[in-house]
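Below: the structure, in structure tokens.
The values are calculated or read from the model by the stated rules, or taken from the named source; none is laboratory data. It should be emphasised that the depicted structure is a prediction, and the values quoted were computed from it without experimental measurement. We place every Cβ from the backbone using ideal geometry, glycine too, and count neighbours over all the protein chains shown.
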Amino acid sequence: MALKLPLFSALISLAIGALIFLLFIFFTPKRSFLGSQNFDTSKFDTSKFDASCVVLIVDESEDDNAIQSKLFLDGMEDFISESSQLVPIDDFGTLKFIPLDSFRSRIESFDPRDDGYAAKLRSFFVHDGKRFFFRLTDSSSSPPSYTEKQFNAILGGIPFTFLLLARSAPVYFYYLLLAAGCVFALVFSSNRRLFIFQIPLLLAAGQVGFFSIILAAGLTGIWELLWKPLLELLVSRRYKRRPRDYAGSGFRGVIERLKPFRLNLLLALLFFVFLLACSFFGLLNPLLLFAVCASFAFLYFLSFKVEEERMRKNSHIRFTPVLLLPHKVKTFSFFPLLLPFGLLAIAAFFLPVGFDGPNRGPSPIDSGFLISSEDYDSHIAFQKSFSYMPLNQEPNTYSQNALIQNDYLRYYLGEDGLIAGNNAYAVYEESVAPVFPLEKLMDFLVKYNKLITGESVDFEKPPGKPAATTLKEWISVAFIFVFCLFDIFRPRIIPKKKSPIIGDKRIAA
């Protein structure tokens, strides 16, 4: 016995939701802290990132400068590696900056200025037979889009691995938020019988994180705007044989029937453009957006086929009030339909953060190779004091305070040209050492290593902006609330003038 159309349509809806879910799984790589060779970082939810770091790993024997040149020519000039670092060295009165990759060829191993900092710095970038390149992105911008195919083209066949180190909200939280939003939308829906077919599709997008809530809100808004005009067209098909149809027949009749819904169609187009803009700014893969929209349209068609079949079986067409032109009638209701999605999107900003994945493995960068700001400060103090200290002292006994002693005085002359007095010698007045250039990267890696070992980490909020949120996400949430407010303040009926309705309107049979 053939399945009844409503049951068959429900199974089709579930199947499409499962298919879209698999597409999101396939095109949105799993957010694992160990990473893989197939990371496209544009597909990651960035709403909960304090920062992210792309790590490119090649064999130690590869030429660092050559790889940096290839990356630079392809617009990736902000990778940090051995060849991008400078080591401050005392040049007997000033600080000289020597490239790390040529340090040993310019400073002999027996040179007393070599305090071991350069060797420790190099071991961070080159160790265990591997050479590391780092690209750090803070929370004010999204991670760049890198793919294996792109790196293969750039590196010309050089074997590599690249990882994405980042914090993110566990993806299952977004599925829970989506489910809650869909339940509320179904409750507040003006036609639950039609809307329920869209639920599996709305739930399928949770893999993309925060934007899944925005996507569900956008599709729900489009559904609310279009179901009444489409139902008007559907019902009008049952009146094709009436000799006096108020709208007429053909394309002109369709246009006439849709006139009261012009605002609906305009706003539906605005919602669609908004979703396209989100995809353009990297919040969703365009291919996934196309698949979702195509599935959405098909399920829309399927739900109306079920409604049409119900009319046919009942031998009765549901009464649909005809809009009394030229009156303006409110034909949609965003409030409170979209309100839960806006509130849940804000709630997503405060989700607990951590790392996705069932296991917490070792960090790709062992903490023993990290450089602290104290190491850098100690190195700078040693270099600044080197020209003024005895050579028989150990490097770790030098400090900037050692320069302030009476043995090193600056004499000044009086009006008679003779020595008039002295003061403490201020070393390197014109040469100010830069701040530790790897401070942000090392801070990120220290916190990262603590997180994957289960230690608590207090991530500071970026000044002047909410924690782990970006402007794009706030604009998306604001878009939802604007439509809710637009709906609240828009009057339901605005009569213009009375018009005759005899022979112009349909009534229920």
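Identify, please: which residue in the range 282-295 is among the hydrophobic types (A, V, I, L, M, F, W, C) and loosely packed, with under 13 Cβ neighbours inside 10 Å and is, among those, nearest to I16 (Cα to Cα)? Per the stated criteria, the residue is A294.
Checking each residue in the range 449-487 for being in contact with a Gly (Cβ under 8 Å, 6 or more places away or on another chain) and either β-branched (V, I, T) or modelled with pLDDT under 80 (or both) picks out L451, I452, V477, I480. From the residues in the range 123-151 that are assigned to a helix (DSSP H, G or I) and surrounded by fewer than 18 Cβ atoms within 10 Å (Cβ to Cβ), which one is modelled with the highest pLDDT? Among residues in the range 123-151 that are assigned to a helix (DSSP H, G or I) and surrounded by fewer than 18 Cβ atoms within 10 Å (Cβ to Cβ), the one modelled with the highest pLDDT is S123.
In the range 241-267, the residues that are within 15 Å of L230 (Cβ to Cβ) reach residues that are modelled with pLDDT under 55 and part of a loop (DSSP other than H, G, I, E, B) with C-beta atoms within less than 6 angstrom, at least six apart or across chains, in these pairs: P260/L323. All of (1) within 13 Å of F125 (Cβ to Cβ); (2) not in a helix (DSSP H, G or I) hold for F92 with one exception: (1).
From the list D114, D101, pick out the single residue that is crowded, with 19+ Cβ neighbours inside 10 Å, without any contact (Cβ under 8 Å) to a residue 40 or more places away in the chain and closer than 18 Å to I371 by Cα.
D101
Restricting to the range 161-178, give me the number of residues that are at pLDDT 85 or above and of a type in the set (S, T, Y).
3
The set of residues in the range 240-275 that are aromatic (F, W, Y) and modelled with pLDDT under 55 contains only Y246.
Return the residues of the range 370-379 that are touching a residue at least 12 places away in the same chain (Cβ under 8 Å), surrounded by fewer than 20 Cβ atoms within 10 Å (Cβ to Cβ), out of contact with any Lys or Arg (no Cβ under 9 Å at 6 or more places or on another chain) and part of a helix (DSSP H, G or I); say none if nothing qualifies. Scanning the range 370-379 gives S373, D377, S378.
Evaluate the following for V446: is it at pLDDT below 85 and in contact with a helix residue (DSSP H, G or I) (Cβ under 8 Å, 6 or more places away or on another chain)? Reasoning before the result, please.
Values: at pLDDT below 85: no; in contact with a helix residue (DSSP H, G or I) (Cβ under 8 Å, 6 or more places away or on another chain): yes.
Answer is no for this residue.
Summed over the range 425-443, residues that are modelled with pLDDT of 90 or more, aliphatic (A, V, I, L, M) and assigned to a loop (DSSP other than H, G, I, E, B) total 1. Each residue in the range 7-18 was checked for being more than 12 Å from L299 (Cα to Cα) and in contact (Cβ under 8 Å) with a residue 12 or more places away in the chain, and 1 of them qualify.
Of everything in the range 202-239 that is assigned to a loop (DSSP other than H, G, I, E, B) and at pLDDT 85 or above, the residue that is nearest to the chain's Cα centre (by Cα) is A205.
Within the range 173-195, count every residue that is in contact (Cβ under 8 Å) with a residue 12 or more places away in the chain, within 26 Å of A347 (Cα to Cα) and either assigned to a helix (DSSP H, G or I) or out of contact with any Phe, Trp or Tyr (no Cβ under 6 Å at 6 or more places or on another chain) (or both). It would help to see each step written out before you state the result.
First pass over the range 173-195, keeping only residues in contact (Cβ under 8 Å) with a residue 12 or more places away in the chain: 173-175, 177-182, 184-186, 188-191, 193-195.
Narrowing further to those that are within 26 Å of A347 (Cα to Cα): 173-175, 177-182, 184-186, 188-190, 195.
Next, from what is left, pick out any that are either assigned to a helix (DSSP H, G or I) or out of contact with any Phe, Trp or Tyr (no Cβ under 6 Å at 6 or more places or on another chain) (or both): 173-175, 177-182, 184-186, 188, 190, 195.
Count: 15.
Taking the numbered list (1) out of contact with any Leu (no Cβ under 6 Å at 6 or more places or on another chain); (2) at pLDDT 85 or above; (3) not charged (D, E, K, R) in turn, Q37 passes all entries but (2). Checking the range 329-338 against the condition returns a match, with at least one residue being farther than 16 Å from A268 by Cα, at pLDDT below 75 and in the same structural domain as L178 (by TED's automatic domain parsing).
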